[in-house]
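Only one structure is covered here, and it is reproduced in the block below.
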Amino acid sequence: MSHAASIQVELESGECREITFTSDHRSLADVLAAHALPLNTRCGQRGLCRGCEVELRDGSLRTEGGTVTAPATVQACRARPAGEALIHIPARSRIEHRPQVGETFAIAIPYAHQPLFRFVPGGRDTAFAVDVGTTTVVVLLVDLVTGEVLSRAGAFNEQIRFGDNVITRIEAARKPENLIAMQRAIVMETIQPLLQRACERAGRSLERIVGGAIAGNTTMLHLLVGEDPTPLGIAPFAPRFIKGKQVFASGINLIADSLAPETPIQLLPGIAGYIGADITAGVFASGMAFDPTPSLLVDIGTNGEIVLQSGGKLTACATAAGPAFEGCGLLCGTRAREGAVSDLWLTLNPFQLETKTIGDLPLARANGLCGSAYVDFLATARSSGLLGVTGRFDLGAWEKLPAQNRLTDDGERALRLTETNGAGALRISEVDVALLLQAKAAIGAGIEILLATAGIRAADLGRVYLAGGFGMHLNVAHAIAIGLLAGIRAEQVRVVGNTALAGALLALVDRTTLDEMENLRTQVEVIELNLAAEFEDRYIEHLMLP
Ligand code: FES
């Protein structure tokens, strides 16, 4: 039976509204949304987050557990109006920002506007979000008044000279002088100039900055604060710190012109030694933690981290995939950047090779191949018969290639893509293929182990979120064809980009998301692949090309 009811709603701004409606068993969140007061229902009204919390200041509401009377804090998606009530909606529970796809990342959940740091409009009103990757670092400058991204700047992590992956950096940190030098490399030689550049681009002085938020893997965050990461190099890979924490700019030697030394910088919470704050951020920003169906996050960066959500339970593993899909260690490999070959199509009968470069440069001027082009090569070279199941060139097919496309060096065959002779020729060798297959096998086997642990199949996944810069140019069908995403259908895949950066931005603009990330990190069960009995067999199977 329905009847007329009314509730008083008080907003953070002090504004009061009376809402009259016909009670029809809708949730309080739905009633408010119908009256232009949408709440931050980021878990889809499933009672899993704190986005929709309101304060019941007078009267009562009905919940599944019975009638709740004031004063009380209730989840508006779990409550129904029961008559007269006075409700206060805190700023953190109002949607200010809808899910968005940024230039390089997607945020799949709505979020409120309640910044992490106090700000003064027109004065100190700016903050920065950083993703400290092992290979690259990106800084966003954010207006705290509007929540908008003002500018961005990215560069290689200057620590690269100490090694191209976390293991080599951990090794380097055994020497105390290297630990100091690596902190300097990331803070003073990478973040500081990027922050300055982002400020110049936005036309804002560093004086206006009130704080920052940083995501990164556990090793990167240790090196950022000058903490010894060497325990991460040996079992049980115990981090010195893993919870989110705040440091001061001067405390990490971030000294830049008019940037206040006491500027607070929030480090996002991580999960374990090899599942860092970048992954916590990804699990949250992708919305996977709240998906009603099983979902998977695959972050292919310098390493491959995988998180599975099934029945609300989160499991994760880190694979030692290495940076091959970022182009590292390959003869002509490069990161996805202007001038890199990003797409490649190859047929054999007749032989045809088509390529596309980022920025549409002619192939002759390309500066390398990025991960997505290597995936295209593996898929089309295999389907055309040029590559066999083991990743070696099929001898019969090889002989049919035009002479100018064949290179043999010390018995090692390579497909030559450009006319240029000598070392400058763009080429893909069998050694490159072997390295790519190792990275593919580590990720493919990791996905299978997580699925097997949860007792589900790839087909049961509602969504597969592909995070990291690598995914942005990826031909998903080719990734599936080579077994990188074995058993997954293209329509399950969502490319979400740099979710680590998205998480740092969310923490800045909506401080409740930081609490939820902290809560999420404790719910993730980490599976050690090296201890999983079947990992090796699955890895060997995945070394083959389907
Ligand atoms: S929307 Fe109500 S708990 Fe998440």
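So what's the back-of-envelope 222 nm ellipticity for the chain, counting only DSSP H runs of four-plus at -39500 (n - 2.57) apiece and dividing by all residues, rounded to 500?
Details: 13 runs with 132 residues, N = 546.
Per the formula, -7000 deg cm²/dmol.
Per-residue counts of other Cβ atoms within 10 Å, averaged by peptide: what ranking do you get for 200-212, 168-180, highest first?
Details: 200-212: 18.3, 168-180: 16.4.
Ranked by mean Cβ neighbours within 10 Å, highest first: 200-212, 168-180.
Relative to the compact-globule scaling 2.2 N^0.38 Å, provide the ratio for the alpha-carbon radius of gyration of region 363-506. Walk me through the numbers before you get to the answer.
Values: Rg = 17.6 Å, N = 144, 2.2 N^0.38 = 14.5 Å.
The reported ratio for this selection is 1.21.
Taking every pair of Cα atoms in region 4-93, average 1/r, invert it to obtain the Kirkwood radius, and report Rg/Rh to two decimals. Show your work: numbers first, answer last.
Working: Rg = 11.5 Å, Rh = 12.6 Å.
With Rh from the inverse mean 1/r over Cα pairs, Rg/Rh is 0.91.
For ALA336, enumerate residues with amide H under 5 Å from its amide H, sequence gap 5+ or separate chain, H modeled in the peptide plane.
GLY371
Rounded to two decimal places and with Rh computed the Kirkwood way over Cα pairs, what is Rg over Rh for the chain? Don't skip to the answer; put the middle values down first.
Values: Rg = 25.6 Å, Rh = 25.0 Å.
My calculation of the ratio gives 1.02.
Can you order the peptides 74-81, 268-275, 54-61 by their average number of other Cβ atoms within 10 Å per residue, highest first?
In decreasing order of mean packing, 74-81, 268-275, 54-61 become 268-275, 74-81, 54-61.
Write down the radius of gyration of region 431-546 and its Dmax, each obtained from C-alpha positions, in Å.
16.2, 48
Apply the Kirkwood formula to region 73-155: the hydrodynamic radius equals the inverse of the mean of 1/r over all pairs of different alpha-carbon atoms; give it in Å with one decimal. Walk me through the intermediate numbers first.
Details: mean 1/r = 0.0641 Å⁻¹.
Every distinct Cα pair counted, the radius reaches 15.6 Å.
How big is region 327-430 in terms of Cα radius of gyration and Dmax, in angstroms?
My reading of the Cα-based Rg and Dmax gives 12.7, 36 Å.
Over the chain, what relative contact order in percent results from Cα pairs under 8 Å that are six or more residues apart? Don't skip to the answer; put the middle values down first.
Values: 1271 pairs, mean separation 75.6, N = 546.
About 14 percent, as a whole number.
Please list 3J(HN,Hα) in residue order for region 259-272, calculated via the Karplus relation 6.51 cos²θ - 1.76 cosθ + 1.60 where θ = phi - 60°; whole Hz, with x for glycine and proline.
5, 5, x, 8, 4, x, 10, 8, 8, 5, x, x, 10, 7
In units of 2.2 N^0.38 Å, what is the alpha-carbon radius of gyration of region 100-279?
Working: Rg = 16.0 Å, N = 180, 2.2 N^0.38 = 15.8 Å.
In units of the globular-protein estimate, region 100-279 measures up at 1.01.
Where in the chain are the helices, taken as whole DSSP H runs, whose Cα atoms extend 20 angstrom or more along the long axis and whose Kyte-Doolittle mean reaches at least -0.5?
Values: long enough: 430-454 (36 Å, 1.36).
Flagged H segments are 430-454.
Compare the peptides 320-329, 126-135 by average per-residue count of other Cβ atoms within 10 angstrom and give them in order, highest first. Mind showing how you got there, number by number?
Details: 320-329: 22.6, 126-135: 26.6.
Listed from highest to lowest mean packing, they are 126-135, 320-329.
How many angstrom lie between the C-alpha centres of region 192-223 and region 334-389?
Each part reduced to its Cα centre gives a spacing of 35 Å.
Please report the antiparallel percentage of the DSSP beta bridges confined to the chain, to the nearest 5.
On the way: 73 of 104 bridges.
Of the beta bridges lying entirely in the chain, close to 70 percent run antiparallel.
Give a residue-ordered list of calculated ³J(HN,Hα) values for region 224-235 (Karplus: 6.51 cos²θ - 1.76 cosθ + 1.60, θ = phi - 60°; whole Hz; x for Gly, Pro).
Each residue of region 224-235 in turn: 4, 9, x, 8, 5, x, 4, x, 6, x, 9, 4 Hz.
Would you grab the residues whose amide H sits under 5 Å from the one on GLY212? Only those 5+ places off in sequence or on another chain, please, with H modelled 1.01 Å from N.
PHE128, ILE265, GLN266
If contacts are Cα pairs under 8 angstrom and at least 6 residues apart, what is the relative contact order of region 327-430 in percent? Numbers along the way, then the final one.
On the way: 179 pairs, mean separation 23.9, N = 104.
Contact order relative to length: 23 percent.
When DSSP assigns beta bridges and you keep just the ones with both residues in region 327-430, what percent turn out antiparallel, to the nearest 5?
Values: 14 of 17 bridges.
So the antiparallel bridges in region 327-430 amount to around 80 percent.
Quick one: 3J(HN,Hα) in Hz for region 60-76, Karplus 6.51/-1.76/1.60 with θ = phi - 60°, rounded, Gly and Pro as x.
My calculation for region 60-76 gives 8, 9, 9, 10, 4, x, x, 7, 10, 10, 5, x, 7, 9, 10, 7, 5 Hz in order.
Starting from the Cα-Cα distance between GLU55 and GLU528, subtract it from 0.36 nm times their residue separation and give me the gain in nm to one decimal. List each step's numbers first, then the result.
Details: separation 473, 0.36 × 473 = 170.28 nm, distance 4.25 nm.
Full-extension gain reported as 166.0 nm.
Give, in nm to one decimal, the length gained when the segment between ILE234 and LYS175 is fully stretched (0.36 nm per residue of separation minus the Cα-Cα distance). Walk me through the numbers on the way to the answer.
Working: separation 59, 0.36 × 59 = 21.24 nm, distance 1.62 nm.
Full-extension gain reported as 19.6 nm.
Lysines near LYS440 by alpha-carbon distance under 24 Å, same-chain residues fewer than 8 away left out - which ones?
Correct list for LYS440: LYS356.
Values quoted throughout were computed directly from the atomic coordinates according to the rules given, and no laboratory measurement underlies them. As the structure is a computational prediction, the values presented were derived from the model and not from experiment. Here Cβ is always computed from backbone atoms with ideal geometry, including for glycine, and neighbour counts include all displayed protein chains.
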